Amino acid sequence: MSDLTRPKAPKIIAVANQKGGVGKTTTTINLGAALSEMGNKVLVVDLDPQGNASTGLGIELDDREFTTYDLLLDDVDLDQVILKTTTNNLSLIPATVDLSSADIELMANEKRSFLLHDALRQHAIDSFAFDYILIDCPPSLNLLTVNAMVAANSVLVPLQSEFFALEGLSQLMLTIREVRQSANPRLRIEGVVLTMYDKRNNLSQQVEADARSNLGDLVFSSVIPRNVRVSEAPSYAVPVLSYDTASKGAEAYRALAVELINNNDKLAA
C-alpha cells in the first residue's frame with residue numbers, strides 16, 4: 001500500500017542491454033541531460049563497475065568517496081552518495097571498480113535482489129524531489145542488473161543498429177519476464193531505442209525494419225544517429241547537449257525525452 005503522506009515518487013528507469021557497446025551509458029547520460037534540460041530533476045545511478053557514466057558526467061575518481069557499492073552494501077546515507085554534476089538538475093550516484101565484487105557479496109544477503117529497490121525508496125530521497133531516476137546497468141544479466149529491474153518501474157533497451165542486434169534481446173526479455181513473475185510484477189518495457197543509426201546504411205535500415213516488425217510499438221520513433229559529437233562528448237566529461245547543443249545527436253536525445261514523457265502521460269491518462 002502506498003504512503004499517501006509522501007510526495008510523488010520519481011519514475012525509475014533501468015537502461016539495460018547485456019551486450020556491450022550498444023550506447024547504453026551514452027543513452028543514460030544524454031537522456032538524463034535532455035530530461036533535466038526540460039526542467040525535470042534527474043538522478044543517474046551508475047551501476048556499472050566500469051564507472052563510465054560517472055566519468056562521462058565529470059565526476060573524477062578521487063571525488064567518488066561513496067558509491068553505489070556503499071549504497072547497496074554499507075547502508076550509506078543518500079546525501080553522502082548523491083553528487084551534483086555540472087549539468088543543472090542532474091545528479092549522480094557514482095560507481096568504481098569496487099562494484100565488480102558486489103555480485104559475490106550480494107549472494108549472501110537474504111534481500112540481495114531488493115537492496116537497490118529499498119535504497120531508492122527510503123524517506124530520505126523525498127527531499128531531493130527527483131522526477132526521474134535512470135539506472136545505468138552493467139553489460140550483463142547479473143545480480144546488479146536484477147537489482148535494477150526490481151527497483152525500476154520500467155526498462156529502456158538501447159539497440160545498436162548493426163548485424164546481430166536482435167540476437168540476445170530474447171534473453172533480456174526473458175529476464176524481464178522472470179523479474180515480473182518473482183519480484184516486480186509491475187515492471188514494464190519502457191521501449192527499445194535504436195542507437196548508432198546511419199540512415200545511409202542499408203544495414204541500419206534493415207535492423208530498424210526487423211526491430212519494428214518484431215517489436216512493434218515498443219520501438220521508439222526517435223532514433224539516435226551515429227554522430228561524431230556524441231562520441232566526442234564523454235572525453236570532455238559532459239553530455240552531448242552541453243558539448244554541442246545543436247548537433248544531431250543532441251537533438252535526437254531531446255526528441256527521445258519528449259517521446260518518453262508523452263508515452264508516460266498517455267499511460268497515466
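The values are calculated or read from the model by the stated rules, or taken from the named source; none is laboratory data. Computed from a prediction, not measured in an experiment: that's the story for all the values here. Virtual Cβ from ideal backbone geometry, glycine too; neighbours counted across all protein chains shown. For the accessible areas, the whole protein counts, side chains as well, though only heavy atoms, and no ligand, DNA or RNA atoms are used. Shrake-Rupley method; radii C 1.70, N 1.55, O 1.52, S 1.80 Å.
Note on residue 61/residue 101: beta-carbon distance plugged into 1/(1 + (r/R0)^6) with R0 of 22 Å gives a FRET efficiency of 0.80. Scanning residues 5 or more positions from residue 160 or on other chains, those with amide H under 5 Å from its amide H are 195, with H placed 1.01 Å from N in the peptide plane.
Describe numerically, in nm with one decimal, the distance between label points set 7 Å from Cα along Cα→Cβ at residue 232 and at residue 182. Result: 4.5 nm between the two label points. Our coupling estimate for the stretch 20-30, obtained by passing each phi through the Karplus curve with A = 6.51, B = -1.76, C = 1.60 and θ = phi - 60°, is x, x, 9, x, 5, 5, 4, 5, 4, 4, 7 Hz, Gly and Pro reported as x. Dimensions of the stretch 65-164 along the principal axes, based on C-alpha atoms and rounded to the nearest Å, stand at 44, 37, 25, largest first. Proximity of backbone amide H atoms, modeled 1.01 Å from N, is registered between residue 83 and 92, 93 at under 5 Å, excluding neighbours fewer than 5 places apart on the same chain.
Loop exposure criterion: GluC sites (Glu not before Pro), DSSP state outside H, G, I, E and B, at most 15 other Cβ atoms within 10 Å. Applied to the chain, the longest stretch between such sites is 168-269. Spin-label model, residue 245 to residue 140: label points 7 Å out along the Cα-to-beta-carbon direction sit 4.1 nm apart. Applied to the stretch 252-264, the Karplus parametrisation 6.51 cos²θ - 1.76 cosθ + 1.60 on θ = phi - 60° returns per-residue 3J(HN,Hα) values of 5, 6, 4, 5, 5, 4, 5, 5, 4, 5, 4, 4, 6 Hz, with x for Gly and Pro.
Using only Cα atoms, figure out Rg for the chain and give it as a multiple of 2.2 N^0.38 Å. Display every interim value, and only then the final one.
On the way: Rg = 17.4 Å, N = 269, 2.2 N^0.38 = 18.4 Å.
Output field value: 0.95.
Note on the stretch 84-228: Cα-only Rg and Dmax are 17.2, 51 Å.
Counting other Cβ atoms within 10 Å of each Cβ, which trypsin sites (Lys or Arg not before Pro) in the stretch 63-149 have at most 11 and sit in a DSSP loop? Please list the in-between numbers first.
Values: sites: 64, 84, 111, 112, 121; in loops: 64, 111, 112, 121.
Taking the stretch 63-149 and a limit of 11 other Cβ atoms within 10 Å, the loop trypsin sites (Lys or Arg not before Pro) found are 111.
The mean of 1/r over all distinct Cα pairs in the stretch 191-265, once inverted, gives the Kirkwood hydrodynamic radius of 13.1 Å. Computed across the stretch 113-175, the Kirkwood hydrodynamic radius from all distinct Cα-Cα pairs reaches 13.4 Å. Across the stretch 62-73, coupling constants 3J(HN,Hα) worked out from phi with the 6.51/-1.76/1.60 Karplus curve, θ = phi - 60°, read 5, 8, 9, 5, 10, 9, 4, 4, 5, 5, 6, 10 Hz, and Gly and Pro carry x.
When the accessible area of the chain is split by element with a 1.4 Å probe, what percent falls to carbon and sulfur? Mind showing how you got there, number by number?
Values: 6350 of 12760 Å².
Here carbon and sulfur together make up 50 percent of the probe-accessible area.
Computed from Cα atoms alone, the Kirkwood hydrodynamic radius reported for the stretch 1-90 is 14.6 Å. Pairs of Cα atoms in the stretch 154-204 fall into 5 Å distance bins, from 0 up to the last occupied one, in shares of 5, 19, 24, 20, 13, 10, 6, 3, 1 percent. Near the amide H of residue 191, within less than 5 Å, lie the amide hydrogens of 155, 157, all on another chain or at least 5 residues away, with H placed in the peptide plane. Calculated accessible area for the stretch 71-117 comes out at 55 Å² per residue, all protein chains present (probe 1.4 Å; ligands, DNA, RNA ignored). Using a cutoff of 8 angstrom between alpha carbon atoms and counting only pairs six or more residues apart, the relative contact order for the stretch 99-244 works out to 19 percent.
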